[in-house]
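I have placed the structure first, in the form of structure tokens, so that the comments after it can refer back to it.
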Amino acid sequence: MSKVYFVPWREDSDMVGKFRKMIIKSGILDNINKEDRVAIKLHVGEYKNPAHVHPLYLKELVSTLVEKGCEPFLTDTTTYYCGNRFSAVGMIKNAFYHGFSLANIGAPFIVADGLGSDEGFSVKVRAPLNEISIPNLFKEVDKMIVFSHCKGHALTAFGGSIKNVAMGCVTKKSKLAMHKFVNFCYDEDLCDGCDACKDVCDREIPTIKNGKRVLSLEKREDCMHCPGCMDVCKTGAIKLSELEKLEKVLPLAVEGLFNVIGKENIISINWGANIVEYCDCMPFPGKVIRKNTGIYLSEDIVAIDKAFLDDANKNTFMIDGRPDPEIQTIEGEKIGIGKMEY
Ligand code: SF4
Ligand code: SF4
């Protein structure tokens, strides 16, 4: 059984202060030594989506680490899709706009996958994923704290600590490889050539020829099987299926990172607030689907996601055909990255 520390959410309470007390009283940072380089992995959120972790919580975490004499820094990886966080420079600006700056937090923000956004090394992982590319930066850290905003996700139903590490601690090519586990179906007979999918794709992958959607041979491999096309297609010509396959590979990527940094060197924090319909990667949060639950802290990445899902009720996230979010934790336990019992 794993330990998960928890502060229930109270609107009339100093949650930032309670969070700090929980970190100190738990003793969970005792394993972090003076001068350790501590990567705090967060999702900085797409520009203008306010439903990311509030910077004040990171400020408190950073101040406790600085008091211990460590060198904490914030980090995240650039995106595969062409939004504001596609380039390293864009990512740094985005982090700044959302309050994740040295001035606000007391720790600098460093882009994990480098200025070229592809500085990674290959790590073998279990089939069917087989291999992931991990940013070089993660070879250099002593400890990692995974700070995750708990929210819904259009493909994986839920995003917590497992998702934050699996998709957020790999380079672009592994993000693409994982997304391709979702099955993309196109029924040409239903296509009326309306152009909507062509207009929505920021990678300009689809084109329309003879009144039908086509993908050029050169660009076909670049399609990440995202919900973009399906969401705008009014005829039902495009469907995504087998979403659970993506959920199942997430723990495999987590195991890959554990093999680099060391499972014992990673702590997770789940921020169960602003629990919205969509991931922080979208430019809007969607509606609030669950009232705030609280803040969770654990050395077990499976137990912490399970604890949140139990409190929030996993059915909250199974909307619009989204899969069972617990697949992530079940598969995680199967391969030994953590325990469901806490
Ligand atoms: S699913 Fe559509 S929007 Fe998404 S990458 Fe592929 S072509 Fe582009
Ligand atoms: S959005 Fe649907 S109907 Fe329109 S071009 Fe694309 S596949 Fe065809």
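The values are calculated or read from the model by the stated rules, or taken from the named source; none is laboratory data. These numbers come from a predicted model, not from an experiment. Heads up, the Cβs are rebuilt from the backbone with ideal geometry, glycines too, and the neighbour counts pull from every protein chain shown. Accessible surface is based on the protein model in full, side chains and every heavy atom, while ligands, DNA and RNA are left aside. Shrake-Rupley method; radii C 1.70, N 1.55, O 1.52, S 1.80 Å.
Identify the GluC sites (Glu not before Pro) of region 204-233 meeting these criteria: DSSP loop state and at most 15 other C-beta atoms within 10 Å of the C-beta.
On the way: sites: GLU204, GLU218, GLU221; in loops: GLU204, GLU221.
Passing sites in region 204-233 are GLU204, GLU221.
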Karplus-derived 3J(HN,Hα) from phi for region 45-59 (6.51 cos²θ - 1.76 cosθ + 1.60, θ = phi - 60°), whole Hz, x at Gly and Pro, runs x, 5, 3, 6, 8, x, 8, 9, 4, 6, x, 4, 5, 5, 4
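Tell me which GluC sites (Glu not before Pro) from region 2-59 have a DSSP coil assignment and no more than 13 other beta carbons within 10 Å of their own. Let's see the in-between values first.
Numbers: sites: GLU11, GLU35, GLU46; in loops: GLU11, GLU35, GLU46.
Those satisfying the criteria are GLU11, GLU35.
Normalising by the residue count of the chain, find the relative contact order in percent from Cα pairs under 8 Å and 6+ residues apart. Kindly include the intermediate steps, with their values, before the conclusion.
Numbers: 738 pairs, mean separation 76.5, N = 342.
The normalised contact order for the chain reaches 22 percent.
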Between helix 15-26 and the chain, what is the angle of the helix's C-alpha long axis to the longest principal axis, kept within 0 to 90° and rounded to the nearest 10? 60 degrees
Mean separation of Cα contacts under 8 Å (at least 6 apart) over the residue count of region 202-342, i.e. the relative contact order in percent, is 20 percent
Considering only DSSP states other than H, G, I, E and B, which trypsin sites (Lys or Arg not before Pro) in region 22-88 qualify as loop sites with at most 10 other Cβ atoms within 10 Å? LYS34
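When Lys and Arg each count +1 and Asp and Glu each count -1, what net charge do the other residues less than 9 Å away from TYR47, Cβ to Cβ, add up to? Walk me through the numbers on the way to the answer.
Numbers: positive: LYS48, ARG85, LYS93; negative: GLU46.
Spelling it out: positives minus negatives among the neighbours equals +2.
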Of ASP310, ASP320, which has the most accessible area with a 1.4 Å probe, and how do the rest follow in descending order? ASP320, ASP310
Computed ³J(HN,Hα) along region 281-288: with the Karplus parameters 6.51/-1.76/1.60, θ = phi - 60°, integer Hz and x for glycine or proline, the list is 6, 8, x, 8, x, x, 7, 6
Could you work out how far helix 244-261 tilts from the main Cα principal axis of the chain, as a 0 to 90 degree angle to the nearest 10? 40 degrees
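Below 8 Å, C-alpha to C-alpha, sequence gap of six or more: please give me the relative contact order for region 154-253 in percent.
About 42 percent, as a whole number.
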Measuring from centroid to centroid over Cα atoms, what is the spacing of region 303-323 and region 253-283 in Å? 15 Å
Around GLU247: net Lys/Arg minus Asp/Glu count, Cβ-Cβ under 13 Å: 0
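Filter LYS21/LYS287; LYS151/LYS339; LYS172/LYS248 down to the pairs with a C-alpha to C-alpha distance above 24 Å, please.
Numbers: LYS21/LYS287 31 Å; LYS151/LYS339 21 Å; LYS172/LYS248 19 Å.
Among LYS21/LYS287; LYS151/LYS339; LYS172/LYS248, the Cα-Cα distance tops 24 Å for LYS21/LYS287.
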Could you work out how much longer the chain between GLU131 and ILE335 gets when fully extended? Use 0.36 nm per residue separation minus the Cα distance between them, nm to one decimal. 71.9 nm
May I have the pair-distance distribution P(r) for region 1-85, computed from all Cα-Cα distances with 10 Å bins from 0 and rounded to whole percent? 14, 39, 33, 14, 0
With r as the distance between the Cβ atoms of LYS3 and ASN315 and R0 = 30 Å, compute the FRET efficiency 1/(1 + (r/R0)^6) and round to 0.05. 0.70
Taking the C-alpha atoms of region 1-153, how large are the radius of gyration and the largest Cα-Cα span, Dmax, in Å? 16.4, 48
Rounded to the nearest 10 Å², what accessible area does MET144 have for a 1.4 Å probe in the complete protein model? 0 Å²
Karplus-derived 3J(HN,Hα), 6.51/-1.76/1.60, for each residue of region 147-159, Hz, glycine and proline x: 10, 10, 8, 7, 7, x, 8, 4, 9, 9, 6, 9, x
What is the packing order of peptides 99-106, 208-215, taking the mean over residues of other C-beta atoms within 10 Å and listing the highest first? 99-106, 208-215
Once each part is reduced to its C-alpha centroid, what is the distance from region 117-145 to region 1-49 in angstrom? 24 Å
Counting only DSSP beta bridges with both residues in the chain, tell me the antiparallel percent, nearest 5. 60 percent
Honestly region 183-241 on the Cα gyration tensor test (a ≥ b ≥ c root eigenvalues; a/c under 1.5 rounded, otherwise a/b vs b/c for prolate or oblate) is just rounded
Determine which lysines satisfy two conditions relative to LYS245: a Cα distance under 16 Å, and not lying fewer than 8 residues away in the same chain. LYS163, LYS175, LYS180, LYS334
